[in-house]
Amino acid sequence: MKKTNLKALSLQELQYFFRAEGLPAFRTKQLIHWVYERRVEDLGSISEYAKALREKLAGPAYIGNLVLLKRLTSADGTEKYLWELEDGQSIESVLIPDDDRLTLCISSQAGCALKCAFCLTGTLGFVRNLAAHEIVDQVIAASRLMDPRQITNIVLMGMGEPLMNFDNVVEALRRLTEWVKISPRRITLSTAGVAPRIHELAQKGPAVNLAVSLNATTNEIRDRIMPINKTYPIEQLLAACRAFPLPPRRRITFEYVLLKGVNDTDDDARRLTVLLKGIPAKINLIPFNPFPGAPFERPDDSRVLAFQQILVDRKLTALIRKSKGQDILAACGQLKAESS
Ligand code: SAH
């Protein structure tokens, strides 16, 4: 009989599993504490369980772990991890140290179906959705590597479109907030703009931060660089953002990849301020990170600064995202999960 990975089970499934083994409910609670907060790698390390209980569970069950295939460290301190999943597929996560923060960027899918023209992950095509535990396990495994330093922030900005793997992502967010005990305020989900799912996230998920990859100010250009815009055009996307319930003082982050001669003109900057009117927003300007064969160029620094200035003059918060980890292809849009 195939053993059950206890990490692959939801709360209900765990309760059912323990009940079927004739074990009382508090054993489930203990397991969750040891697996998600203390991050043990195997049943044998749960010292709160008597030896007999550990052995009894080891018959039908085990605790699965991501396998680290490769760990790359950038000159700027960014690290990229290549993980192997149980079926042999691989995914990447990126750890970004910044002052007192330690942010982990995690993947929600192997590959991605959206084919954004500027993103290397898009060239892979879609491989498969990650299960909830494969999303959470990136946090657990990276936390072990960082110990005793604590990961302070999580961003779902790695491979994949989180809102196209909605149920598993919501379940992963629940486990991260309730079991791993990371505050939802310290988690940010980034979407290429699956508008109806933005509404649904607000209803079903923990109150995490929302980031939206806008990247263009006209449907004509956005259609060209982000095909998902043909399904959910800018007006529909921004209507979903306007309806997204935000706690006081919180804002939606809009990512804007600057592509030379494509979306980086003064007119674009001015249109952007008009589009975002009335939305509590902050803008992350990301000068394009090149990859071999990419059909775009990064604008000059002076263009990036001029674009930012137009936004700032109109009272918008706009930061230029320093792209970290470029030397190890760990920057935005550069994840491909290759082991060579
Ligand atoms: N699919 C989600 C999650 C991925 S986030 C989303 O699109 O939001 C990855 C971020 O990196 C997105 O904001 C995307 O616009 C940006 N990005 C992708 N390729 C890039 C590149 N080559 N240079 C700079 N930013 C890029």
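Check which residues have an amide H placed less than 5 Å from PHE126's amide H, if you skip close sequence neighbours.
Placed amide hydrogens put CYS112 under 5 Å from PHE126.
Under 8 Å for C-alpha pairs, at least 6 residues apart: give me the relative contact order for the range 1-76, rounded to a whole percent.
40 percent
How much of the pair distance distribution for the range 95-219 lies past 23 Å, counting alpha-carbon pairs only, in percent?
29 percent
Taking amide H atoms as placed 1.01 Å from N in the peptide plane, list the residues 5 or more away in sequence, or in a different chain, whose amide H sits under 5 Å from that of LEU258.
For LEU258, the qualifying residues are ILE286, PHE288.
With a 1.4 Å probe and all protein chains left in place, how much accessible area per residue does the range 232-340 have, in Å²?
The answer is 50 Å² per residue.
Under the classification rounded if a/c is under 1.5, otherwise prolate if a/b is larger than b/c and oblate if not, where does the range 53-147 fall, given a ≥ b ≥ c as square roots of the Cα gyration tensor eigenvalues?
The shape class here is oblate.
Sorted by accessible area with a 1.4 angstrom probe, largest first, how do THR231, THR218 fall? List each step's numbers first, then the result.
Working: THR231 85, THR218 35 Å².
Descending order: THR231, THR218.
Output the peptides 71-83, 125-137 sorted from most to least packed, where packing is the average of other Cβ atoms within 10 Å over each peptide's residues.
The densest-packed peptide leads the list: 125-137, 71-83.
Under the rule a/c < 1.5 gives rounded, and otherwise a/b versus b/c splits prolate from oblate, where does the range 1-44 land using the Cα gyration tensor?
Since a/c reaches 1.5 but b/c is at least a/b, the shape of the range 1-44 is classed as oblate.
Please report, in debye to the nearest 20, how large the charge dipole of the chain is about its Cα centre when each Lys and Arg carries +1 at its beta carbon and each Asp and Glu carries -1 there.
840 debye
Would you calculate, for the chain, the mean residue ellipticity at 222 nm contributed by helices, counting each DSSP H stretch of 4 or more residues as -39,500 (n - 2.57) and dividing by all residues, to the nearest 500?
-9000 deg cm²/dmol
Translational D (Stokes-Einstein, µm²/s) of the range 145-244 at 37 °C and 0.692 mPa s when Rh comes from the Kirkwood sum over C-alpha pairs?
Roughly 228 µm²/s, to the nearest whole number.
Taking K and R as +1 and D and E as -1, what net charge do the other residues with C-beta under 9 Å from the C-beta of ASN229 add up to?
+2
If the chain between GLU84 and SER183 were fully stretched, how many nm would it gain, using 0.36 nm times the residue separation less the Cα-Cα distance? Don't jump to the answer; show the numbers that get you there.
Working: separation 99, 0.36 × 99 = 35.64 nm, distance 2.72 nm.
Residue separation times 0.36 nm, minus the Cα-Cα distance, leaves 32.9 nm.
Can you figure out the FRET efficiency of ARG224 with THR317, using R₀ = 30 Å and their beta-carbon distance, to the nearest 0.05?
Efficiency for this residue pair is about 0.65.
On a 21 Å Cα-Cα criterion, which of the cross-link pairs LYS80/LYS230; LYS260/LYS322; LYS282/LYS322; LYS7/LYS336; LYS80/LYS181 come out too long?
LYS80/LYS230; LYS7/LYS336; LYS80/LYS181
Quick one: pull the percent of accessible area on the chain belonging to carbon and sulfur, 1.4 Å probe, ligands and nucleic acids left out.
51 percent
Do you know the relative contact order of the chain, to the nearest whole percent, from alpha carbon pairs under 8 angstrom that are 6+ apart?
Contact order relative to length: 15 percent.
Please turn the phi angles of the range 285-296 into ³J(HN,Hα) values with the Karplus equation 6.51 cos²θ - 1.76 cosθ + 1.60 (θ = phi - 60°), one per residue in order, whole Hz, x for glycine and proline.
Once θ is set to phi - 60°, the couplings for the range 285-296 become 8, 10, x, 3, 8, x, 9, x, x, 5, x, 10 Hz.
Would you kindly state how much longer the chain becomes between ASP167 and ARG250 on full extension, computed as 0.36 nm times their sequence separation minus their alpha carbon distance, in nm to one decimal? Working shown, then result.
Numbers: separation 83, 0.36 × 83 = 29.88 nm, distance 2.46 nm.
Difference between extended and current length: 27.4 nm.
Using a Förster radius of 35 Å, what is the FRET efficiency between VAL274 and SER47 based on their Cβ-Cβ separation? Nearest 0.05, please.
Using R0 = 35 Å, I get an efficiency of 0.05.
Tell me, Kirkwood radius of the range 124-193 from alpha-carbon pair distances, in Å?
It is 12.7 Å.
Which net charge results when you count Lys and Arg as +1 and Asp and Glu as -1 among the other residues whose beta-carbon is under 15 Å from that of ASP266? Could you put the intermediate results ahead of the total?
On the way: positive: LYS260, ARG270, ARG271, ARG303, ARG314; negative: ASP264, ASP267, ASP268, ASP300, ASP313.
My count for the surroundings of ASP266 gives 0.
Within a Cβ distance under 13 Å of LEU145, other residues only, what is the Lys/Arg minus Asp/Glu net charge?
+2
In whole Å, what are the Cα extents of the chain along the three principal axes, biggest one first?
So the extents along the principal axes, rounded to whole Å, are 70, 42, 36.
The values are calculated or read from the model by the stated rules, or taken from the named source; none is laboratory data. Quick caveat, the model's predicted, so the values are computed rather than measured. Glycine also receives a Cβ, built like all others from the backbone with ideal geometry; neighbour counts cover every protein chain displayed. Ligands, DNA and RNA are excluded from the accessible area calculation, which covers all protein heavy atoms including side chains. Shrake-Rupley method; radii C 1.70, N 1.55, O 1.52, S 1.80 Å.
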